[in-house]
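Worksheet: one structure, shown below.
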Amino acid sequence: MPEPPSVDERQARAMARAIITHHFGSKPKRISPMGGGISNFVFEANHRDGDFIVRMNPQPAKVKEYLKEQWAIARAQEVGVPVPEVLEVGADAVPIPYMVSRKVVGSEATHHPERMAILREMGRLTALIHTIPTSGFGHTFDWSNNQLSRKETWAEYLKRELNVEQRLKVLAANKMLSKSQLKSLHETLSGIENLDADPVLNHGDMRLKNVMVDEAGEVTAVIDWEFCSSNIAPYWDLALSLHDLSVDAKQAFLGGYGSSEAEIRKMAPILKAINVINYAPFIERAADEKDERRLDQYRTRFSGALDLYSL
């Protein structure tokens, strides 16, 4: 396969300028970098027609992810979830995929003093997202007409897209779990293969860093739908959303979602299983890098030593 074009920040900034000029008919007043990572580029563009966010990635396949986000954002808006306005997805103005959206008002909720109230609202919004029906499981669903990469059942998704068996081998090879824990994890995963539930839209990363709020703590937009998927609710989203929250924060989120205490206790084994399986790629990376300190920290987490409530 051909290598994607190599793009540095100077070239990316010029491309952002070209994208805005192409679509709005005149040059932007200013282009400001907003970070984005090694291969992702994010810029704020100030133009006489407004302020916009331009995202780009040199990987040609990224245009599919942008189209998936565009579809999901439009569906979420229809059910009352505040989202950015996506204006364009393409790869015609410049030679790499891009997305242009209108800049939303507010700032990341991560350090807002009203975080507990925000988390409760995030739970409510997640429940709204889970009312959006989809077909198929995983990252290829209604937004795409592709058939060969579509997973028709939850069990097929677990085996062919999530690669559960390989992830279990990673956990076992790196001695992340005791024999009894591995047995319990196998049993839980085998059980959830047969869950009888229709797929719905899942955000895939509903955390404080992906929620914009105003000064009063009102949510102005749920952003970063890159990891959205068609999945079983509430398990997938809740496992991802709750895994790094404090106990109080978890309960605030679940309260907003509408889960009863009995329901929370019942679904806990499934949430834990999904969370542990989702750590496998990070464990594999640490093993490849021979980072024994990090691996041992993961072992401590999975042992339950940091859970100060369960006896």
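What follows is calculated from the coordinates using simple rules that are stated; it is not laboratory data. For clarity, every value in this text was computed on a predicted model and none was experimentally measured. Here the Cβ is made from the backbone with ideal geometry for all residues, glycine too, and neighbour counts use every protein chain on show.
Length gained on full extension, Glu156 to Ala61: 31.9 nm, using 0.36 nm per residue less the C-alpha separation.
Compared with the dominant Cα axis of the chain, that is its longest principal axis, helix 62-78 is turned about 80°. Per residue of the chain, what 222 nm ellipticity follows from adding -39500 (n - 2.57) for every DSSP H run with n ≥ 4, rounded to the nearest 500? Result for the chain, helices only: -13000 deg cm²/dmol. Principal-axis analysis of the Cα atoms of the chain puts helix 292-303 at an angle of about 60° to the longest axis. Filter the chymotrypsin sites (Phe, Trp or Tyr not before Pro) in region 238-311 to those in DSSP coil with at most 13 other Cβ atoms within 10 Å of their Cβ, and list the result. Passing both the DSSP loop test and the Cβ count: Tyr309.
Note: relative contact order over region 18-171, using C-alpha pairs below 8 Å and six or more positions apart, is 16 percent. Highest-first packing order for the peptide set 142-151, 225-234 is 225-234, 142-151, based on the mean count of other beta carbon atoms within 10 Å. Look at the alpha carbon pairs under 8 Å that are at least 6 residues apart: their mean separation over the length of region 176-270 gives a relative contact order of 28 percent. Between amide H atoms placed 1.01 Å from N, distances below 5 Å from Glu88 occur with Val100, all of them 5 or more places distant or on a separate chain. Mean sequence separation of contacting Cα pairs (under 8 Å, at least six apart), scaled by the length of the chain, corresponds to a relative contact order of 18 percent. Here's the picture: charge each Lys and Arg Cβ at +1 and each Asp and Glu Cβ at -1 in the chain, and of Trp71, Val86, Ser184 the one pushed furthest to the positive end of that dipole is Ser184.
Checking the cross-link pairs Lys103/Lys266; Lys29/Lys250; Lys68/Lys179; Lys159/Lys179; Lys27/Lys68 against a 32 Å limit on the alpha carbon distance flags Lys103/Lys266; Lys29/Lys250; Lys68/Lys179 as lying beyond it.
Counting charges near Arg285 (Lys, Arg +1; Asp, Glu -1) among other residues having Cβ under 10 Å from its Cβ returns a value of -3. Taken one residue at a time, the phi angles of region 184-200 give Karplus couplings (6.51, -1.76, 1.60, θ = phi - 60°) of 5, 5, 4, 5, 5, 5, 5, x, 6, 4, 9, 4, 9, 8, 6, x, 9 Hz. Gly and Pro are set to x. One decimal place: the segment Arg294-Glu9 gains 99.5 nm when fully extended, by the rule 0.36 nm per residue minus the C-alpha distance. Relative to the 2.2 N^0.38 Å rule of thumb, region 181-303 has a C-alpha radius of gyration ratio of 1.18.
Summarising the label geometry, the points placed 7 Å from Cα in the beta-carbon direction at Ala287 and Asp244 lie 2.3 nm from one another. Going toward the positive end of the dipole of the chain, with +1 on Lys and Arg Cβ and -1 on Asp and Glu Cβ, which of Gly136, Met122, Leu162 do you reach last? Farthest along the dipole direction, towards plus: Leu162. Specify the angular offset, from 0 to 90 degrees and rounded to the nearest 10, of the alpha carbon long axis of helix 164-173 from the longest principal axis of the alpha carbons in the chain. Its long axis makes an angle of about 60 degrees.
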